[in-house]
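Have a look at the structure below, then the notes.
The values are calculated or read from the model by the stated rules, or taken from the named source; none is laboratory data. Quick caveat, the model's predicted, so the values are computed rather than measured. All Cβ positions, glycine included, derive from the backbone under ideal geometry; neighbour counts span all protein chains shown. Each accessible area value is taken on the protein alone, full model and side chains, heavy atoms only, with ligands, DNA and RNA left out. Shrake-Rupley method; radii C 1.70, N 1.55, O 1.52, S 1.80 Å.
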Amino acid sequence: MEPLKIATTRPELLCACGAVFIHPDDERYRGYAGKKAKVPLFDFEVPIIESPTAQMDFGTGALMVCSYGDMADVMAFRDFALKPIAAISPDGTMTEAAGKYAGLPVAEARKRIIEDLKKKGLLFKQEPTIQRVPLCWRSKTPIEFIAMDEFYLKQTEFVDKMLEIANNTRFFPPFHRQILIDWINRVSVDWPISRRRYYGTEIPVWYCNACGEAVVPEPGELRYYQPWRENPPFDKCPKCGASEGFRGEERTFDTWMDSSISGLYIIGYLRDEELFKKAFGNVIRPQGKEIVRTWLYYSLLRTYQLLGEPAFKEVWVSGHVVDEKGEKMSKSRGNSPPPGPFIEKYGADAMRLFGVLEAGLGSDIRFSEERLGGVARFMTKLWNIARFISMFPIPERMDFKDLTPVDQWILAETNKMLETITPECEVLDFHKPAIELRRFAWSFFADHVLEMLKGRAFNSDGQFSELVQQSAWFVLHEVLKVILKALAPMTPFITDSIYRELYNKKGIHREQYPIPVDEWKSELSGLTDLVLQTNSAFWRFKRENNISLRQGLPEAYIPKSLRPWEADLKAMHGIEKLGFGSPTTNGFHEVPIYESGGKDSLFVRFPSSSEE
Ligand SMILES: [Zn+2]
């Protein structure tokens, strides 16, 4: 048989060769599979194996598989149960396995081996090539795979249990459960938990100087050990009984080894039994989607291993903040401004609410300073609403039936808003509720209700009875409280500040989240749009005719169905004489209520100063 020609970029790994792979469809190597190949210079034999991982158009098509050559080699050794040979030592020199090249740095060994291959006439071709080599991010030197003994945590035997827990844990939003399922399905080896780095949680293990036994402190000794610098809390080896001292472990844990039990720590595991009893099994895990495979998965794994139960009932997974074009933020691209200055400028509440307003739970949020600025203006609006309402006393609780029909209608609108947001709040997605709350607080409550109730709440010329004035006060405070409580999870600071100032020194976050109130119903609800459009028509009329919004109107007619609003609309628009339907005399200006057309109209008489 013809000798096999092999192209390699790592001739120094000849001594670590474990097999030669050929593609099953490669006609050039018919009959080679199952035979042995002799490794040049080292004179040992390796099997020739058919594998689709050999690429026919790469090099000669025959692939030299060397221990720890690259990730593919590592996998190949694992797949075919080949016995690896370590050719490179941790200090970057060749090991004894390299024979006469032992002790040489890798690059030097490569040079010598090429020379020797040439001398023996075994080198058939040498050419420069471009290849990808993993480099150390800090020193930029090539990274070598070096086999080392490490601590592993068992996980392969927990795969079925983890899948069961993943399927039984409630996810918000449900579609992010798949990240976890996919990850669990890819688990194929146990979890290496020891790391050779300086900064990390120390592994509390000492090794007996006499027999090498790994000894750990007794469980229950709740303290943190640094074995590399302190003596163990025991002086006899439990295995051999020797008192010849111990060598402290120098490695640290993988960062997820202890962050995976941070959830347990927080609820008092092994520290506060009472708290732990109350909290375990009743916690939700809020976190980002990028650490589902790490923080969430390892938390579930370790909690199950420690306690035999799922760590959480519910998991709440948020998306990422991406740039305005939807691209991932990264330092190197320069599209990831630090959030600090924005929080400083617009406020932490605005920043949070911006995130809620921009995307549904679990979806990515496109950052835009302009839109953040818009949210900050809403925060200012909320503050101004509260400041305005704070001018009025908070009356004793009033029965719904004792409120004016308009005030009942306002509470009914509030109830409609609560009915809209409740289903979304129940699945912990505040995106649509935030949009609805902003509309309700700004476009309905501030723009219409405050303007409408202003006259009655001030009652400066005493035209309203004390009872209907109090009704206005009660409703203004009642609705403000609902808005504050409903916004509290999204804008915790401003709502708490207002709430403490006006309603309860203990703060807003001890209050129940508002839910719909069955009693808050009004038959006037069907007229809401007509009322709002009527207000807009009055404002439009004044604006288009250069009449100040504060200026009154001598006489106007509005649709008959709006009779329940008579007193409040008169006060709101400064109408001296308000009629319903169509006027029977001349001198009125007709204003269509709906800009898009429709039959409803206002009829307005111009103020004397601007009479046509
Ligand atoms: Zn011992």
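So is residue 350 over 22 Å from the mean Cα position of the chain (by Cα), modelled with pLDDT of 95 or more, part of a helix (DSSP H, G or I) and among the aliphatic types (A, V, I, L, M) or not? No: the conditions fail for residue 350.
Against the numbered list (1) closer than 30 Å to residue 312 by Cβ; (2) open to solvent by 100 Å² or more (accessible area, probe 1.4 Å); (3) touching a residue at least 40 places away in the same chain (Cβ under 8 Å), residue 273 comes up short only at (3). Tell me, yes or no, whether the range 469-485 has at least one residue that is assigned to a helix (DSSP H, G or I), touching a residue at least 40 places away in the same chain (Cβ under 8 Å) and closer than 22 Å to residue 343 by Cα. The answer is yes, given that some residue of the range 469-485 is assigned to a helix (DSSP H, G or I), touching a residue at least 40 places away in the same chain (Cβ under 8 Å) and closer than 22 Å to residue 343 by Cα.
Taking the range 163-210 as the range and being assigned to a loop (DSSP other than H, G, I, E, B) and within 16 Å of the ligand (Cβ to nearest atom) as the test, the residues that pass are 205, 209, 210. When each of 586, 535 is tested for being outside the structural domain of residue 410 (by TED's automatic domain parsing) and modelled with pLDDT under 95, the lone residue that passes is 586. Among the residues making up the range 242-255, those that are within 11 Å of the ligand (Cβ to nearest atom) and part of a loop (DSSP other than H, G, I, E, B) are 242, 243, 244, 245. Is there a residue in the range 256-264 that is open to solvent by less than 40 Å² (accessible area, probe 1.4 Å) and either assigned to a loop (DSSP other than H, G, I, E, B) or within 16 Å of the ligand (Cβ to nearest atom) (or both)? Yes, there is a match, as at least one residue in the range 256-264 is open to solvent by less than 40 Å² (accessible area, probe 1.4 Å) and either assigned to a loop (DSSP other than H, G, I, E, B) or within 16 Å of the ligand (Cβ to nearest atom) (or both). In summary, residue 529 fulfils each of the numbered conditions (1) closer than 22 Å to residue 434 by Cβ; (2) free of Cβ contacts under 8 Å to residues at least 40 places away in the same chain; (3) surrounded by fewer than 18 Cβ atoms within 10 Å (Cβ to Cβ) with the single exception of condition (1). Across the range 31-85, what is the total count of residues that are free of Cβ contacts under 8 Å to residues at least 60 places away in the same chain and either open to solvent by 90 Å² or more (accessible area, probe 1.4 Å) or on the phi > 0 side of the Ramachandran plot (or both)? Number of matching residues: 16. Taken over the range 393-417, the criterion of being open to solvent by less than 70 Å² (accessible area, probe 1.4 Å) and part of a loop (DSSP other than H, G, I, E, B) is satisfied by 393, 395, 398, 403, 404. Would a scan of the range 51-59 turn up a residue that is part of a loop (DSSP other than H, G, I, E, B), in contact with a helix residue (DSSP H, G or I) (Cβ under 6 Å, 6 or more places away or on another chain) and modelled with pLDDT of 90 or more? There is no residue in the range 51-59 that is part of a loop (DSSP other than H, G, I, E, B), in contact with a helix residue (DSSP H, G or I) (Cβ under 6 Å, 6 or more places away or on another chain) and modelled with pLDDT of 90 or more.
Of all residues in the range 443-455, none are modelled with pLDDT under 95, assigned by TED's automatic domain parsing to the domain that holds residue 391 and polar (S, T, N, Q).
If you go through the range 214-241 and keep only what is within 15 Å of the ligand (Cβ to nearest atom) and either surrounded by 15 or more Cβ atoms within 10 Å (Cβ to Cβ) or outside any loop (DSSP other than H, G, I, E, B) (or both), you end up with 214, 215, 216, 232, 237.
Taken over the range 293-325, the residue count meeting the criterion of being part of a strand (DSSP E or B) and in contact with a Phe, Trp or Tyr (Cβ under 6 Å, 6 or more places away or on another chain) is 3. Among the residues of the range 291-315, those that are modelled with pLDDT of 95 or more, touching a strand residue (DSSP E or B) at 6+ places or on another chain (Cβ under 9 Å) and surrounded by fewer than 19 Cβ atoms within 10 Å (Cβ to Cβ) comprise 305, 314. Scanning the range 375-392 for residues that are open to solvent by less than 30 Å² (accessible area, probe 1.4 Å) and either more than 13 Å from residue 342 (Cβ to Cβ) or assigned by TED's automatic domain parsing to the domain that holds residue 437 (or both) yields a total of 7.
The set of residues in the range 422-465 being in a loop (DSSP other than H, G, I, E, B) and within 40 Å of the chain's Cα centre (by Cα) consists of 427, 428, 429, 430.
Looking at 97, 107, just one residue is open to solvent by 50 Å² or more (accessible area, probe 1.4 Å) and outside any loop (DSSP other than H, G, I, E, B), and that residue is 107.
Filtered by the rule that a residue be surrounded by 10 or more Cβ atoms within 10 Å (Cβ to Cβ) and of a type in the set (Phe, Trp, Tyr), the range 131-148 gives a lone residue, 145.
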